[in-house]
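The values are calculated or read from the model by the stated rules, or taken from the named source; none is laboratory data. All values reported here derive from a predicted model rather than from experimental measurement. Here the Cβ positions follow ideal geometry from the backbone for every residue, glycine too, while neighbour counts run over all protein chains shown.
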Amino acid sequence: MRLTASVLGLLAIGVAMASPVAALDHRMLTAHMVQHLLLMTIAPPLIMLGVRPPFRWPHLPPVVCWLAAALVLVGWHVPAGFRLGMESELWHLIEQVSFLAAGFAFWGPVFEPPRRWSILLYLFLATLPCDVLSGFLVFSDRVAYPMYLCTPSESVRSALEDQQCAGALMWTVVTFVYLIAGTVFATQLLSARTGPHSLEAA
């Protein structure tokens, strides 16, 4: 199980950085969003699940991890940051590495013992920046990133549809992944409280 998780996590990084998805990110915001989701939301927890023992991830306060993930997410989707990452290969690589690093930082408190119910609040609050950004992309009536209008085949209508698809994808994937993590986490906590030791204590 752990080996499978590690392989899937590494595969997610490979798809994000060296696949047709990576080649399309300058033409489609949806492809660009797939990259970000793979690097920040999918790959880190799979890899951490696979190699967790005996490796110890650096301990950082949850608030620091939350802020790091939120700042990376928002910073690279501000039009100026987005344009910087798309116009320079170096900055594009820095952008991808920062998403991956922020992903590892964010998931650290989830895997770090001891387990506490506050992690459920942590996961819930982590959806808020994603909800705001994805809601803006889905419901905006203008193209947020004009660079996607540069190709001759693109119209305002098709660029808006691509933008809405990217926002809906982020909304769905982030909610789904965090919901799964929260459910698994809550189940483990409840199992620990109702286990043999808890019964003896009662």
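The residues of the range 86-116 that are under 27 Å from A18 (Cβ atoms) and more than 14 Å from the chain's Cα centre (by Cα), listed by number, are M86, E87, S88, E89, L90, W91, H92, L93, I94, F111.
The set of residues in the range 97-137 being farther than 22 Å from T172 by Cβ, of a type outside the set (A, V, I, L, M, F, W, C) and part of a helix (DSSP H, G or I) consists of S98, G108, P109, S118. The residue that is nearest to L29 (Cα to Cα), among those in the range 76-116 that are crowded, with 16+ Cβ neighbours inside 10 Å and of a type in the set (G, A, S), is G85. Just one of A31, A5, A12, A70 is within 18 Å of S134 (Cβ to Cβ), touching a Leu at 6+ places or on another chain (Cβ under 6 Å) and either free of Cβ contacts under 8 Å to residues at least 60 places away in the same chain or of a type in the set (F, W, Y) (or both); which is it? Criteria check complete, one pass: A31. For the range 138-154, a residue qualifies if it is part of a helix (DSSP H, G or I) and without any contact (Cβ under 8 Å) to a residue 60 or more places away in the chain, and the qualifying residues are V138, F139, P146, L149.
Taken over the range 117-148, the criterion of being over 17 Å from the mean Cα position of the chain (by Cα) and surrounded by 14 or more Cβ atoms within 10 Å (Cβ to Cβ) is satisfied by V138, V143, A144, Y145, M147, Y148. Is at least one residue of the range 161-181 at pLDDT 80 or above and of a type in the set (D, E, K, R)? Yes, because at least one residue in the range 161-181 is at pLDDT 80 or above and of a type in the set (D, E, K, R).
Given the structure, is M33 within 28 Å of L160 (Cα to Cα), in a helix (DSSP H, G or I) and not hydroxyl-bearing (S, T, Y)? Criteria met by M33.
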